[in-house]
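For reference, the structure discussed in these notes is given below.
The values are calculated or read from the model by the stated rules, or taken from the named source; none is laboratory data. Note that this is a predicted model, so its numbers are computed, not measured. Reconstructed Cβ throughout: ideal geometry from the backbone, glycine too, with neighbour counts over all protein chains shown.
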Amino acid sequence: MNADPEMSSWRAEWRVIAPEPQTADQLRRLATKQQNRLRTWQVGELAAALIFLVFSGGLLWRNPVPEVWLWAAIVWASTFAAIAFSIWNWRNLWSSDVKSVTEFIATYKKRCLATLRALRFGLRFLAVQLAISVPWLAMSFTTKRISSVRFFTAAGILTAFTACLLLFGRHYRRAAQYELDELNKSQESPETLSMDLC
Amino acid sequence: MQLEPLEQRYARLWEMFGASISRVAGAYESRPELREDLLQEIRLAIWIALPKFRGDSSLRTFVFRIAHNRALTHIWRRKRGGKSEEAEHLHDARPNPEATVIQHTNESRLMTAVSQLPIPLRQVIMLALEELPYTEIGAVLGISEGNVAVRVNRARKLLRENLGGTR
């Protein structure tokens with residue numbers, strides 16, 4: 001390798017580029033700060049899941065009819081599925097760092113595809129929940145089982161909940177799709193990219 | 001055997017590979033503020049992975065894998081909603097203000113030329129410039145030695161052209 005003057009001169013030039021010196025203390029602080037930020041995000045996700053569980057549990061406790069049982073069961077199933085997916089996603093994100101670049105790309109691609117699948121799954125769950133909640137709410141109102149105040153409050157909560165989930169879903173779908181497209185673009189084979197050199 | 005504290009291992013690792021990691025970050029990200037973000041992401045990833053390092057590969061392979069994997073994640077995510085750096089390079093061959101800043105901050109024209117290579121070629125040439133043997137480059141990237149050799153040749157040809165254009 002040393003008999004290659006071009007490479008040797010490039011290496012000499014390359015090695016001149018040096019980093020800002022950093023103390024171990026600075027590094028530890030930076031890492032701790034970022035880890036805390038990630039932990040906050042994870043705790044936020046779990047808190048949101050807890051709110052869904054408590055809210056659906058409260059509704060069921062106040063009104064334990066079969067339709068609410070069915071709705072609550074769907075909310076619980078989807079919330080637990082979301083928690084499981086989130087935990088898998090975070091574990092996967094950090095543990096794949098030490099793999100080779102090729103394996104990492106394959107894992108990352110799987111992760112993006114899994115996110116897209118999970119979002120599709122979530123939207124279907126939402127459709128099922130709406131298919132149960134909306135007719136049940138309308139019927140309860142028309143048969144005067146609930147007052148207009150309760151009906152409009154419940155309808156408002158349902159609309160806000162649906163809008164939030166749709167916005168959240170759209171944001172994550174776009175992000176995952178974007179990353180997947182960028183990943184595919186960046187991994188275009190060098191053979192294709194430099195055909196003129198062959 | 002008692003392991004040395006994580007902080008010490010980390011500091012020692014940074015002493016050994018800090019410069020190389022900074023060069024990896026520089027070749028993937030030319031904008032200084034984003035490069036600092038990328039460097040932090042790499043540091044964090046190493047900090048998290050280091051306690052699990054059991055010597056299955058060399059420490060250098062371990063560090064370069066993390067650095068390249070984090071850098072890839074960084075570039076897949078950073079361009080959302082904005083104009084990509086590669087697109088700027090493709091559509092405008094004139095030196096942009098960022099490139100000028102880079103040159104003025106004593107960074108080499110070689111770094112600029114390397115950062116303009118397609119990613120698969122950029123990865124091999126960066127590792128070759130860090131004097132990793134082909135076997136180790138293959139281990140970092142997860143490709144065969146033969147494939148490394150082919151990519152290095154292509155990268156060198158393109159790099160020569162890029163350097164010719166920036167002289």
Practice prompt. Give the residues of region B:111-167 that are part of a loop (DSSP other than H, G, I, E, B) and at the interface with chain A (Cβ under 10 Å from one of its Cβ atoms), sorted by residue number.
Written response: B:117, B:118, B:130, B:131, B:133, B:142, B:143
Item to complete: Within region B:77-97, identify whether any single residue is more than 9 Å from chain A (Cβ to nearest Cβ), modelled with pLDDT of 85 or more and either over 22 Å from residue A:186 (Cβ atoms) or part of a helix (DSSP H, G or I) (or both), and answer yes or no.
Response: no
Fill in: region A:107-153 - residue that is under 24 Å from residue A:172 (Cβ atoms) and of a type in the set (D, E, K, R) and, of those, modelled with the lowest pLDDT
A:111
Fill in: Count - residues of region B:35-55 that are assigned to a helix (DSSP H, G or I), surrounded by fewer than 22 Cβ atoms within 10 Å (Cβ to Cβ) and more than 8 Å from chain A (Cβ to nearest Cβ)
5
Discussion item. Would you confirm whether or not region A:123-133 contains a residue that is surrounded by 14 or more Cβ atoms within 10 Å (Cβ to Cβ), in contact (Cβ under 8 Å) with a residue 60 or more places away in the chain and away from every other protein chain (no Cβ under 14 Å)?
Written reply: yes
Worksheet, complete the sentence: For region B:5-34 the number of residues that are farther than 16 Å from residue B:126 by Cα and crowded, with 16+ Cβ neighbours inside 10 Å is 6
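Please determine whether any residue of region B:19-32 is of a type in the set (A, V, I, L, M), more than 8 Å from chain A (Cβ to nearest Cβ) and more than 13 Å from the chain's Cα centre (by Cα).
Going residue by residue through region B:19-32, those that are of a type in the set (A, V, I, L, M) are B:19, B:21, B:24-25, B:27.
After this cut, where a residue has to be more than 8 Å from chain A (Cβ to nearest Cβ) as well, the list is B:24-25, B:27.
Those still in the list that are more than 13 Å from the chain's Cα centre (by Cα) too: none.
Looking through region B:19-32, none of the residues is of a type in the set (A, V, I, L, M), more than 8 Å from chain A (Cβ to nearest Cβ) and more than 13 Å from the chain's Cα centre (by Cα).
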Discussion item. List the residue pairs whose Cβ atoms are under 8 Å apart, where the first residue sits in region B:145-158 and is more than 13 Å from residue B:123 (Cβ to Cβ), the second is surrounded by fewer than 22 Cβ atoms within 10 Å (Cβ to Cβ) and aromatic (Phe, Trp, Tyr), and the two are 6 or more positions apart or on different chains.
Written reply: B:145/B:134; B:149/B:134
Worksheet item: Which of the residues that make up region B:45-65 are more than 14 Å from residue B:18 (Cβ to Cβ) and among the β-branched types (Val, Ile, Thr)?
Response: B:48, B:61
Response to the item:
Output for Cβ contacts, cut-off 6 Å, separation at least six or different chains, first residue within 18 Å of residue A:114 (Cα to Cα) in region A:161-176, second among the hydroxyl-bearing types (Ser, Thr, Tyr), reads A:176/A:115
Worksheet item: Given the conditions (1) assigned to a helix (DSSP H, G or I); (2) at pLDDT below 90, which single one is not true for residue B:72?
Response: (2)
